[in-house]
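Below is one structure, written out as structure tokens; comments come after it.
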Amino acid sequence: MNRSITSRMAALLLGAAAAHAHAQDARVNRGHDPFFQISHAIADCPVPLGPLETGQEWLDDSHYRIERGNSCWVEGRCRLSNAYLYDAEIADTVQRRLSTINYATHWREQSTLWLILQRRFIYVQGCVAPGFDKQDFLTELGKTADVDRVIDDTTQNPHAPQLPYRTLADPDKPVLDPGN
């Protein structure tokens, strides 16, 4: 009887350890960073990985994330104590402004785009048509209240061997260096 209980406990502990390891490997939006698609015009555009990360990636980035989040408040550039606290409000404002921005730039008809908001930065990821006026679109996004920076991670070639962003289909593949 005692051996049966010991065997069951060992199996239960092994199962719990395996479940914990799987939870650490699962990609989750651990920082609750706003991430959403805003257009769908270009077929076959690879879906960005967005803010999804494993538990280990989250731990590896935690110190840096805390430091980045608090630095604007310490420097007196933010009214809130952490730059990440702005992101949900910025996401709401951007979504309200998208129709006005589309009226000015017609970006919806020429792109498949996703936005990630992290610490007052807007990362624009996805695909744009060759005639797409990126500069005008990015400038309009940058006019949103409390936005510190807009980062262009777009491509004109959805089938390029390297993209400027990590994808959901291949999260570990290296991205295109914007300096090249």
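Per-residue HN-Hα couplings for the range 91-101, Karplus 6.51 cos²θ - 1.76 cosθ + 1.60 at θ = phi - 60°, whole Hz, x for Gly and Pro?
Once rounded to whole Hz, the list reads 4, 4, 5, 4, 4, 5, 7, 4, 5, 5, 5.
Going by how many other Cβ atoms sit within 10 Å of their own, how do Thr112, Thr139, Thr167, Thr155 line up, fewest first?
Listed from fewest to most nearby Cβ atoms, that is Thr139, Thr167, Thr155, Thr112.
Just grab the label-to-label distance for Arg97 and Asp148, each label 7 Å out from Cα along the Cβ direction, in nm (one decimal).
So the label points at Arg97 and Asp148 sit 1.7 nm apart.
Taking the Cβ of each residue in Asp177, Asp152, Asp136 as the centre, tally the other Cβ atoms inside 10 Å and list the residues starting with the fewest.
The most exposed by this proxy come first: Asp177, Asp136, Asp152.
Give a residue-ordered list of calculated ³J(HN,Hα) values for the range 73-84 (Karplus: 6.51 cos²θ - 1.76 cosθ + 1.60, θ = phi - 60°; whole Hz; x for Gly, Pro).
Karplus-based 3J(HN,Hα) across the range 73-84 equals 6, 4, 7, x, 9, 10, 7, 9, 6, 8, 4, 5 Hz.
Using the Karplus curve 6.51 cos²θ - 1.76 cosθ + 1.60 with θ = phi - 60°, what ³J(HN,Hα) values do you get for each residue of the range 38-45, in whole Hz, with x for Gly and Pro?
Couplings: 10, 8, 9, 7, 9, 5, 6, 6 Hz.
Can you order the peptides 31-40, 115-124, 60-69, 46-55 by their average number of other Cβ atoms within 10 Å per residue, highest first?
115-124, 46-55, 31-40, 60-69
Considering amide H positions built from the backbone, and no H for Pro or chain starts, which residues 5 or more places from Thr155, or on another chain, come under 5 Å of its amide H?
Close amide H contacts, sequence-distant or interchain: Gly126, Cys127, Val128.
FYI, it's all coordinate maths here, none of it is from the lab. Since we're looking at a predicted model, the values are computed, not measured. Glycine also receives a Cβ, built like all others from the backbone with ideal geometry; neighbour counts cover every protein chain displayed.
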